[in-house]
Structure formats: structure tokens, C-alpha cells
Amino acid sequence: MKVVVTGKGGQLVSEFEALKGFDPNWTFLSEKDLDITNRDLVLSYFNTAACDLVINCAAYTAVDKAEDEKELAFKVNAGGVKNLLEACELIGAKLIHYSTDYVFEGSSKVPYGELDTPSPNSVYGLSKLKGEEYVLENKQVKSIIIRTSWLYSSFGKNFVKTMLSLGERKSEFGIVADQIGSPTYAKDLAQDTLNILSHDNYQWISGDIFHYSNNGSCSWFDFAKKIFEYSDNEVILKSLSTKEYPTKAIRPNYSLLDKSKFENTFNTRIRNWETSLFEMLKQELAL
Ligand SMILES: NC(=O)c1ccc[n+]([C@@H]2O[C@H](COP(=O)([O-])OP(=O)(O)OC[C@H]3O[C@@H](n4cnc5c(N)ncnc54)[C@H](OP(=O)(O)O)[C@@H]3O)[C@@H](O)[C@H]2O)c1
């Protein structure tokens with residue numbers, strides 16, 4: 001199977017690259033190689049490329065900046081997806097596309113299921129939802145949407161790396177404690193996406209949505225506490241409320257995802273967030 005992965009340079013793609021090593025059937029494309037917002041370029045690239053599956057990791061992910069760059073966020077997170085779908089339809093390729101817990105508003109008290117109605121609070125969430133809608137509207141392309149949350153990795157920028165860097169510079173700071181969700185180690189997501197491809201019993205349809213994060217739940221404060229505990233850093237953390245730490249984009253207070261459909265369909269048990277975090281930090285800090 002020939003696979004093309006967009007968004008090279010990002011955290012998730014980097015985990016795919018690390019897992020695949022050099023595999024001539026896998027092509028990784030950066031924005032410079034293929035800007036997914038350029039319809040003509042996308043169509044002409046796929047017109048000549050051998051490709052059975054597109055994995056779209058390209059995205060505009062600057063959640064706060066998106067409030068000021070609405071047009072660009074929609075261009076990448078919605079328009080780019082539409083272009084890839086058109087290309088997939090043209091050449092008969094399947095699509096795996098990633099979305100976010102930020103499509104939910106966050107007032108639930110129980111984990112969000114795939115059938116719950118999205119209602120984003122932010123431009124980023126709205127732009128990702130529009131991308132999802134394009135995928136769901138296209139009945140010709142066999143496709144999977146994987147909604148994930150709080151992604152981190154040894155590669156790229158993320159909360160874990162920000163905490164490690166803050167911990168080197170400050171002995172005390174505050175972290176929001178009233179937003180609940182679950183971290184996702186991008187390596188686990190990449191590995192479990194690969195497992196989908198080798199799952200013979202899975203019947204591809206158009207617009208199959210799955211939720212995926214590591215198991216367990218925590219607040220950003222709990223997450224930060226674990227990062228410092230596992231990295232033996234004695235930072236003093238103060239718990240803050242969302243009101244005390246206002247951000248340009250409104251985040252959901254609660255965005256835990258129900259992963260049972262993913263686990264049941266692919267006959268797997270997703271790792272607990274603490275186990276995965278420990279592994280990542282071991283690698284990052286060579287513990
Ligand atoms: N990060 C999270 O916490 C989080 C949470 C939930 C869901 N997700 C979703 O998970 C997926 C992977 O996220 P990630 O954290 O790996 O993203 P990331 O690290 O921000 O990487 C995204 C990649 O997309 C590239 N890109 C941006 N615009 C592009 C364009 N027009 N054409 C081609 N490539 C373009 C970026 O290139 P440049 O760096 O050069 O701009 C970057 O390499 C995304 O769909 C994201 O929405 C992420």
C-alpha cells in the first residue's frame with residue numbers, strides 16, 4: 001500500500017516517520033513540498049503520485065492565534081481537507097484525517113462519544129469542525145476521522161516540552177486546574193493508526209469517526225505535576241482557575257473523549273496517560 005502523509009515537520013508526522021523508518025511505500029510531505037491549501041497543486045500532485053491512502057496530519061494548530069487568523073485557520077483546517085478529499089476521490093485513495101476535542105463545548109460531565117453534537121467555542125475548533133464536515137459530506141471517499149486531544153511528543157512544540165523548559169527557568173508558577181481532559185502521546189496515536197492499517201476485519205466506510213487519547217483523565221495542573229514528578233524537578237505549582245489565566249481562545253472545561261469505539265473496533269487497549277508520559281520523558285531526558 002502506498003501512503004502519503006501531509007504535515008511533515010509536525011509532532012504526529014514525526015512519530016510516524018520514526019516508527020516507519022525508511023519505507024519506500026511511505027511519502028512524507030511538508031508544507032513546502034505540498035501546501036494543502038493550494039487546490040491546483042494538490043490535484044496535480046496526486047494525479048501523478050502513486051497513493052492508496054492519504055494520512056492528513058497537516059493543520060493550523062495555533063489555538064489562540066487562530067482567533068486573529070480566522071481566514072488562514074479555515075483555509076488550512078477546512079479548505080485543505082476539501083482539496084485532499086477531491087484528490088482522494090480522483091485517484092480512489094482512502095483518507096485518515098485528525099481532528100480535535102476542541103470541537104466540543106465542554107459542558108458534559110461524561111466522556112464525549114462520537115455521536116455527541118459538536119459545538120466549538122473557538123475559531124480553531126470551528127475550523128476543525130468544518131474540515132470534519134467536508135469529510136462526512138463526501139460519500140465517495142472511504143475515510144476515518146480521529147478526534148484526539150492534548151497531543152504531545154518528543155518532536156515539535158507541546159505542553160510537556162513547555163513545562164520542561166519553564167521548569168528550568170522558574171521555581172514556581174501557576175497552571176490551570178479546572179480544565180479536564182486527557183493527554184495523548186503522539187507516538188501511541190501514530191502506532192495505533194498503523195494498527196488500523198493492518199486490521200483485516202475493519203470495513204472502511206466514508207466518514208467513520210473515532211475518538212482517541214490516552215486512557216485516564218486529568219487537569220492541566222495534574223498533567224504538569226506528573227511531568228515534574230517524573231522528571232525529578234522540584235517546581236512549586238500553584239493551581240489556577242480558567243478565570244485567573246484567561247486566553248484568547250476559550251477552551252472546553254471538560255473534553256474527555258470516550259475511546260470505547262476505537263478500542264472495541266480495533267481490539268486494543270489504549271495506554272494510560274501516565275504510562276505513556278513516563279516513557280516519553282524517559283526518552284526525552286534519557287532517564
Ligand atoms: N496539538 C494538539 O494538542 C492537538 C490536539 C488535538 C488534535 N490535534 C490535531 O492532530 C493533528 C496533528 O497535530 P500536530 O500537533 O502534530 O500538529 P503540528 O505539530 O502543529 O503540525 C502540523 C503540521 O502541518 C503543517 N502545515 C500547516 N499548514 C500547512 C499547509 N497549508 N499545507 C501543508 N502543511 C501544513 C505545519 O507546518 P508548519 O509548522 O511549517 O506550519 C506542521 O508541520 C492535527 O490535525 C491537529 O489539529 C492536535
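Computed from the coordinates by the stated procedures, all read-outs in this text should not be read as laboratory data. This is a predicted model, so every value here is computed, not measured. A quick note on method: Cβ atoms are made from the backbone with ideal geometry, for glycine too, and the neighbour counts reach across all protein chains shown.
Can you sort 64, 40 so the residue with the fewest Cβ neighbours within 10 Å comes first?
40, 64
Have a look at 103, 123, 176 and tell me which one the Gaussian network model of the chain (Cα, springs below 10 Å) gives the largest fluctuation.
Evaluated over the chain, the most mobile residue of the options is 176.
How about the stretch 1-68: which trypsin sites (Lys or Arg not before Pro) there are in a DSSP loop, with at most 10 other Cβ atoms within 10 Å of their Cβ?
Filter output for the stretch 1-68: 32.
Can you give the longest run of the chain that contains no chymotrypsin sites (Phe, Trp or Tyr not before Pro) sitting in a DSSP loop with at most 15 other Cβ atoms inside 10 Å?
Here the longest segment lacking exposed loop sites spans 23-201.
Given the Cα atoms of the stretch 173-287, and with Rh set as the inverse mean 1/r over their pairs in the Kirkwood sense, what is Rg to Rh to two decimals?
1.04
Return the single residue from 21, 167, 106 with maximal mean-square fluctuation; model: Gaussian network over the chain, springs between Cα atoms under 10 Å.
21
On average over all directions, what projected area in square nanometres does the stretch 59-168 have, based on the convex hull of its Cα atoms?
Approximately 8.5 nm², given one-decimal rounding.
At q = 0.08 Å⁻¹, what is the base-10 log of I(q)/I(0) for the chain according to the Debye formula with one equal point scatterer per Cα and no solvent? Please give it to two decimals.
Scattering profile of the chain, log10 relative to I(0): -0.33.
In whole angstrom, note down how far apart the Cα centers of the stretch 21-93 and the stretch 182-205 are.
20
When the chain is treated as a GNM, springs tying every alpha-carbon pair under 10 Å, which of 85, 164, 126 comes out with the largest mean-square fluctuation?
164
Kindly express, to the nearest 10 degrees and within the range 0 to 90, the angle between helix 39-48's C-alpha long axis and the longest C-alpha principal axis of the chain.
60
In whole angstrom, and with the biggest value first, how far do the Cα coordinates of the stretch 97-242 range along each principal axis?
55, 33, 25
Which value at 222 nm does the chain reach when only helices count, each DSSP H run of 4 or more adding -39,500 (n - 2.57), with the total divided by all residues and rounded to the nearest 500 deg cm²/dmol?
-11000 deg cm²/dmol
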